[in-house]
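Working notes, beginning with the structure itself.
The values are calculated or read from the model by the stated rules, or taken from the named source; none is laboratory data. The shown structure was predicted, so the numbers you read here are calculated from the model rather than taken from an experiment. Ideal geometry is used to build each Cβ from the backbone, glycine not excepted, and the neighbour counts take in all protein chains shown.
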2 protein chains.
Amino acid sequence: MKTAVLGYGTVGKGVYEMLRSAKDLEQGPVLVRKGKADEPWKTDDFDAVLADDSLNAVAEAIGGIDPAFDYAMKTLKAGKHFVTANKALVAEKGSELQAAADESGAAFLFSAACGGGVPLLHNLALSQRGDGILKVSGILNGTTNYMLDRMQRFGTDYEAALKMAQEMGYAEADPSADVSGLDALRKVILAAGTAFGILPSGGLHEGIESFTAEDIRFYQSKGLVLRLIAQTERTAGGVSCFTEPVLFPDNAPEAAVLENNNLASYEGRCCGKISLMGQGAGRYPTASALIRDLESVLSGERRMFPEGLKQAEADHDSVKRRYLVRLPEEAKEQLPCDEVQGKEGAYLRILTGAIPVNRMHEAARKIREKGGRIAFAALEE
Amino acid sequence: MKTAVLGYGTVGKGVYEMLRSAKDLEQGPVLVRKGKADEPWKTDDFDAVLADDSLNAVAEAIGGIDPAFDYAMKTLKAGKHFVTANKALVAEKGSELQAAADESGAAFLFSAACGGGVPLLHNLALSQRGDGILKVSGILNGTTNYMLDRMQRFGTDYEAALKMAQEMGYAEADPSADVSGLDALRKVILAAGTAFGILPSGGLHEGIESFTAEDIRFYQSKGLVLRLIAQTERTAGGVSCFTEPVLFPDNAPEAAVLENNNLASYEGRCCGKISLMGQGAGRYPTASALIRDLESVLSGERRMFPEGLKQAEADHDSVKRRYLVRLPEEAKEQLPCDEVQGKEGAYLRILTGAIPVNRMHEAARKIREKGGRIAFAALEE
């Protein structure tokens, strides 16, 4: 199956290399930016790539919506298979792309967009068909897990942990999508689409930017380990979808996920809880996921999203949790306090009663608007 | 896809039930023992089941070689798809069944035979195609993990832990296949076939029968947790394949696998190490794996074993490990002792140098032949 590669960055290079050694796959041209086609197998003309009748598939590793969306639609409309590692593209334009794929009969697969080497979406798609999925959750961002692990095991402070993540090549120069939880939110939107046939909009994301070395020490004194968790589940009101920090007992499997690893779990109606762990990102893990999708196309796979994919507003009223919160003493009234756990200067540490997820995120937004500093994490119970 | 179910025990019942609610699957007849067909949808006549032209597939949940092998061959030769949870059947007769499937073009899938709800074989098959797999290992027997977990966390002795496993329905009345490591060995043989295209014969298995509550306490004093690990990897001499007890640091992911859960890991050339965790057995996890295989058939999957499947003698000379051994003092000379770690009556606890796996298993066999009691576990390093 002759496959063109869009983009020649970290992942694109890996895919092009792996295409050479894969048994049933064949290297097509590599699309690069205008004027950068400095090798005979590189090109900057997408339409010429697509015009080649011998081309069967396109693997996209450019990132972003524009021009990736345009290339994707043209590929699928031409009846050629499209596999991608681009989570923003699929989270935002998934319905349109799936519709185009359905019309032409081409495959549209994106397991590389969530979990890198960890085959979460692929397994969700498979389990969804015969079983039915109730909930998906996990550590879906390797950069922030690396940082939290540093802070946890080595007492590193936030800024130093971020710098180390950048030096290791895990964090971008602009790390905001990672540390704000947006990256993990996009991934769990894809998981919701694959597991439930619903692409939720209006998902909430709280990241790890508010945590200090002191917070981590406080959690450790209680036997708790902090992780950034993305989660989606069927609720009374539809489907919830959010990312937030969560505290786990130090003997929980999540606490044993170190470095930049991912851990994703799903609960099937019949298969019970299944967890997948591995390296969430990096050239070869992500490239291998794109190759895996191409191999799946050869085995007959055509889709990850179930038929009848819909978009819907996420429901955050029905999921209730207790939160351990550090907040300015004068903001205390904004949350139902179950127990004051400590006082540090003008700040209190409180444990809330069980409150809806959106109430917690909203309270934090309001406190920050007034210039207050707040950090919160749900208790895994 | 109309699917007959062979057997109406724990798993067969679950499959029949799940077939009703799966979207693209249809309940066919259920084959039961002669004279036991007490419902119109049950039958004791296999040839009549197969003679029905509208039948597309057979899901086998009888167990054992005879008559399962006969039914499997007839099914595949008739060009109907065959999915099974029967590890003994596939470990022993996998090559013949694959050849029959190749000839007729029918699907032959068996992901339910290893890991129950945990989709290990399915993911191995997928990764093997585009990536290449170096090693597969893990906790593949839920019964023994339940027992070791009891011994570890509650100080239960071996006999009491076995009785509890039987009461919970995890262990059979005759638990020998589980506690001797044979069950896990059969599973890892299937993993080797799927990952490497080689079905190894002559695999070694050491189980958990030799361990006492005192052994577990000794390991705990060293910060170590005992697990039963099945493993296969590419070696200088081909492929290794064995089951043996292994000691992990108490913060390792394996130490966090509690109750009757499984944890299976594989290392891809490109995807890195990926781990899968979940319930390894039970009605619904195993039934859901059979249903998942049927759904995969509908998506176009036809095989788990790669093309050109071979049988070969396992290689145990090239894998070397250090072992923590409790043995009679007079048997000490039979193993290269690196360090004596303790003395209890007539027994020594020693740490060996790095020795080949088969040398350790062979030494234990000889010591036991002479009536000596020995327990050994490899150090995960």
(message) Among the residues of the stretch A:251-267, what is the count of those that are more than 10 Å from chain B (Cβ to nearest Cβ) and more than 25 Å from B:G117 (Cα to Cα)?
(response) 2
(request) Could you list, in sequence order, all residues of the stretch B:186-197 that are in contact with a Lys or Arg (Cβ under 9 Å, 6 or more places away or on another chain), surrounded by 24 or more Cβ atoms within 10 Å (Cβ to Cβ) and over 15 Å from B:L89 (Cβ atoms)? (result) B:A195, B:F196
(request) Would you check which residues across the stretch B:289-306 are part of a loop (DSSP other than H, G, I, E, B) and more than 7 Å from chain A (Cβ to nearest Cβ) and list them? (result) B:R302, B:M304, B:F305, B:P306
(request) State whether one or more residues within the stretch A:97-104 are part of a helix (DSSP H, G or I) and either in contact with a His (Cβ under 8 Å, 6 or more places away or on another chain) or closer than 26 Å to A:G181 by Cβ (or both). (result) yes
(request) Considering only the stretch B:268-288, state which residues are more than 7 Å from chain A (Cβ to nearest Cβ) and either modelled with pLDDT of 90 or more or not in a loop (DSSP other than H, G, I, E, B) (or both). (result) B:R283, B:T286
(message) Going by what's in this entry, would A:A213 be described as more than 26 Å from B:P249 (Cα to Cα) and without any contact (Cβ under 8 Å) to a residue 12 or more places away in the chain?
(response) no
(message) Is it the case, given these coordinates, that B:A112 is in a helix (DSSP H, G or I), within 11 Å of another protein chain (Cβ to nearest Cβ) and buried (at least 23 other Cβ atoms within 10 Å of the Cβ)?
(response) yes
(request) Could you tell me which numbered condition A:E172 fails, if it satisfies all but one of (1) over 14 Å from the mean Cα position of the chain (by Cα); (2) assigned to a helix (DSSP H, G or I)? (result) (2)
(message) Could you go through the stretch A:229-250 and let me know if any residue there is more than 9 Å from chain B (Cβ to nearest Cβ) and assigned to a helix (DSSP H, G or I).
(response) no
(message) With the condition being among the β-branched types (V, I, T) and touching a residue at least 24 places away in the same chain (Cβ under 8 Å), I'd like the strands (runs of 3 or more DSSP E) fully within the stretch B:315-381 carrying at least 2 qualifying residues.
(response) B:347-352
(request) Give the residues of the stretch A:77-107 that are more than 18 Å from the chain's Cα centre (by Cα) and within 14 Å of another protein chain (Cβ to nearest Cβ), sorted by residue number. (result) A:H81, A:G105, A:A107
(message) Considering only the stretch B:290-312, I want to know if a residue exists there that is acidic (D, E), modelled with pLDDT of 95 or more and surrounded by fewer than 18 Cβ atoms within 10 Å (Cβ to Cβ).
(response) no
(message) Take A:V188 and tell me if it is assigned to a strand (DSSP E or B), in contact (Cβ under 8 Å) with a residue 24 or more places away in the chain and outside the structural domain of A:A91 (by TED's automatic domain parsing).
(response) no
(request) Count, please, the residues in the stretch B:21-35 that happen to be over 28 Å from the mean Cα position of the chain (by Cα) and either closer than 17 Å to A:R269 by Cβ or touching a residue at least 24 places away in the same chain (Cβ under 8 Å) (or both). (result) 7
(message) Quick check on A:K13: is it in a helix (DSSP H, G or I) and basic (K, R)?
(response) yes
(request) Determine which single condition A:S318 fails, assuming it passes every other condition in (1) closer than 27 Å to B:P119 by Cβ; (2) more than 7 Å from every other protein chain (Cβ to nearest Cβ); (3) surrounded by fewer than 23 Cβ atoms within 10 Å (Cβ to Cβ). (result) (1)
(message) I'm told A:E254 meets every condition in (1) out of contact with any Phe, Trp or Tyr (no Cβ under 8 Å at 6 or more places or on another chain); (2) farther than 26 Å from B:R303 by Cα; (3) in a helix (DSSP H, G or I) except one. Can you identify the failing condition by its number?
(response) (1)
(request) Tell me which of these A:F110 doesn't satisfy, since it passes every other one: (1) within 19 Å of A:Y284 (Cβ to Cβ); (2) free of Cβ contacts under 8 Å to residues at least 40 places away in the same chain. (result) (2)
